[in-house]
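The values are calculated or read from the model by the stated rules, or taken from the named source; none is laboratory data. Nothing here was measured: the structure is a model prediction, and the numbers come from that model. Cβ sites come from the backbone with ideal geometry, for glycine too, and all protein chains shown count toward neighbours.
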Amino acid sequence: MTEAGIAAERAQFEARIAGQTLPARLADTAERHADLPAYSDRTPGGTWRTLTWGETRQRALELAAGYVALGLEPGDVVALMMPNRSEHVLADYGAVHAGGTPSTIYATLAPDQVAYVVGHCAAKFAVLEGRDQLDRWEPVLERLPALRRIIVLDPAACPPGDLYLTWDDFVALGRERLAADTAEIDRRWQAVRPTDTLTVLYTSGTTGDPKGVIITHAMALYEAAVSEATSGLPEHNVGVSYLPFAHIADRVLSMYLPVARAAHVHFCPDPKDLTTVLREVRPNAFFGVPRVWEKIMAGIQALLGAEQDEAKKAAIAQAMEAGRRYVASREFGNTTSAELSAAFQQADAAVLSTMRGLLGLDRVVHAMSASAPLPEEVQRFFAGLGIEILDVYGMTETTGAVTANVSDAFKLGTVGRPFPGVDLKLAEDGEILVRSATNTPGYLDRPEATAELLDEDGWVRTGDLGVLDEDGFLRLVDRKKEIIITAGGENIAPSMIENYLKEHPLVGQALAYGDRRPYVVALITLDGEVAPVWAAARGLETTDLAALAEHPLVLEEVGRAVEDANRRLARVQQVKSWRLLPAEWTAESDELTPSLKLRRRVVHTKYTDVIATLYGS
């Protein structure tokens, strides 16, 4: 599309949200859909308690009054560290309505990291879940002089003293203040402008200190508008929220977009419960970072591998092949024959719809992935279930997605084409550059980092390398800074090697290494959920990961995974040596970011000696 055409698209969507803010949109939604469900929490007994949109706005106003009563001034930052639950959203909305700036902090941060982030944004208020979060904050409170009050949801965990306030007391304070002075709270939210900061989100810190990304109301509402226009979701769709609200994706999908379309969000505070929640909720849309899709796939593969009925296994394989061929026929540029459509409908009715139902994905019409390239083999696997996982691309600095595959124009293995009004191009070295109404104005109090991010014409330098095909679909190569340059001068994308390795169900994580080295080696971990099932199915007595990592059968199987990956790689990309490690990599052990991206530098440092042995030194 021409530059003029892109500008016209952008103007069209900007007109839709002109003058609007999140509080104004919530007021409108609460008036038009007061009794529709908004947010649901699963109780310990397994039932759901639900807030309507009318109740959500009323609670937001009450909490806004509570913040004002505590002395919050417009622009003050409220730091939030809680799992996904309605109180998290209400604390966020309440801060916005009071004129404050909420900032969700990753719950896995160590005390020193908490001190850096909270100190950098000079948060004056904090809302924490309970003892686990307090243990991360209390050791560094003396380094946070701006902090005036900490609100604690769990009353049993709330310490004594003037610094602390229980959630219940905070709610009571807000109700009392709102009843006494409704006009002041109305003045606060009505004074908010589209260009005001809606939130500050800190990058997960794969390199260096986290940076605070400024997100405005206009940016978030533009992202919500283009997402709504391209998603194909039913009205008042149902969703599941499980990714951290420090992650831009779930903020858009579970805070900003639901307000725009009066959707119904169900919370899953513990990702370990995700499969249970999905089966109960049966959402219309589901967003999973690649690791989530990989784990679901690995679980299904483990169950299929343990199936003893050969006739049943053959029927499933045949049905999944029909699903793969059907989805492939729907990719951009292809057509679906009547014969293939009939074969898929038969396979779907007999097998595939039941399999999707067991996963809780039988009502999904919009399945998405982002955050890192989704291995194409994972997409092909779910295509076998009749699910099109539509990969999208973006970053916190662009308020989430700027390109997307959509149901009527997608290519598996790509991240789609630019959203309406988004200008995208490649620099000479292949770096992806983006200019959009969703681009951040910069990093909070980091002018040098902002200058590195944004050029003088408003283009965001993403740091990602990509390729555009003849139809305008973007294919990711890798992070610019993570490209391996071997001793022989070969440029290698490590993520491609790692994705091939992770296609095997036993492999949980993998890291390819080879910068300035003569060949590529790999560090590999087992999948903590699949490996014990795999072992039990083969009669192995132990399910301990460390023991399995040394078992000859496991090592032989992982060796086959390496061989399978190598067959698909050029000679210079092939893994010449590898090591299976005794433990999983997690955000808690610091090898992964809270959004489940690989922290390469951490892995390199932790396993320096192991890497050295792989090179014979």
Based on what the data block shows, is Thr43 at negative phi and at pLDDT 95 or above?
no
How many residues does the range 31-55 contain that are loosely packed, with under 14 Cβ neighbours inside 10 Å and more than 18 Å from Arg282 (Cα to Cα)?
5
Looking for something of a type in the set (Lys, Arg) and buried (at least 19 other Cβ atoms within 10 Å of the Cβ) - is there at least one such residue anywhere in the range 142-157?
no
Criterion violated by Ser341 - all others in (1) modelled with pLDDT of 95 or more; (2) surrounded by fewer than 22 Cβ atoms within 10 Å (Cβ to Cβ); (3) under 22 Å from the mean Cα position of the chain (by Cα) satisfied:
(3)
Which one of these is part of a loop (DSSP other than H, G, I, E, B), of a type in the set (Asp, Glu) and under 30 Å from Ile6 (Cα atoms): Glu223, Glu235?
Glu235
Of the residues in the range 350-385, those that are among the aliphatic types (A, V, I, L, M) and within 17 Å of Leu476 (Cβ to Cβ) come to Met368, Ala370, Ala372, Leu374, Val378
For Ala350, all conditions in the list (1) hydrophobic (A, V, I, L, M, F, W, C); (2) under 28 Å from Glu498 (Cα atoms); (3) not in a strand (DSSP E or B) hold save one; what is the number of the exception?
(2)
Among the residues of the range 288-324, what is the count of those that are modelled with pLDDT of 95 or more and within 27 Å of the chain's Cα centre (by Cα)?
2
Determine which member of the set Ala8, Ala98 is surrounded by 24 or more Cβ atoms within 10 Å (Cβ to Cβ) and either among the polar types (S, T, N, Q) or on the phi < 0 side of the Ramachandran plot (or both).
Ala98
List the pairs whose first member sits in the range 493-508 and is over 21 Å from Leu476 (Cβ atoms), whose second member is among the basic types (Lys, Arg) and part of a helix (DSSP H, G or I), and whose Cβ atoms are under 8 Å apart, counting only residues at least 6 apart or on separate chains?
His504/Arg560; Gly508/Lys502
Evaluate the range 33-43: report whether one residue or more is touching a residue at least 12 places away in the same chain (Cβ under 8 Å), closer than 30 Å to Leu147 by Cβ and not aliphatic (A, V, I, L, M).
yes
Exactly one of these conditions fails for Val127: (1) of a type in the set (A, V, I, L, M, F, W, C); (2) within 23 Å of the chain's Cα centre (by Cα); (3) over 16 Å from Tyr202 (Cβ atoms); (4) part of a helix (DSSP H, G or I). Give me its number.
(4)
Regarding Val240, is this residue surrounded by fewer than 23 Cβ atoms within 10 Å (Cβ to Cβ) and in contact with a His (Cβ under 6 Å, 6 or more places away or on another chain)?
no
The condition of being modelled with pLDDT of 95 or more, touching a strand residue (DSSP E or B) at 6+ places or on another chain (Cβ under 9 Å) and buried (at least 24 other Cβ atoms within 10 Å of the Cβ) holds, among Val277, Val281, Val259, only for Val259
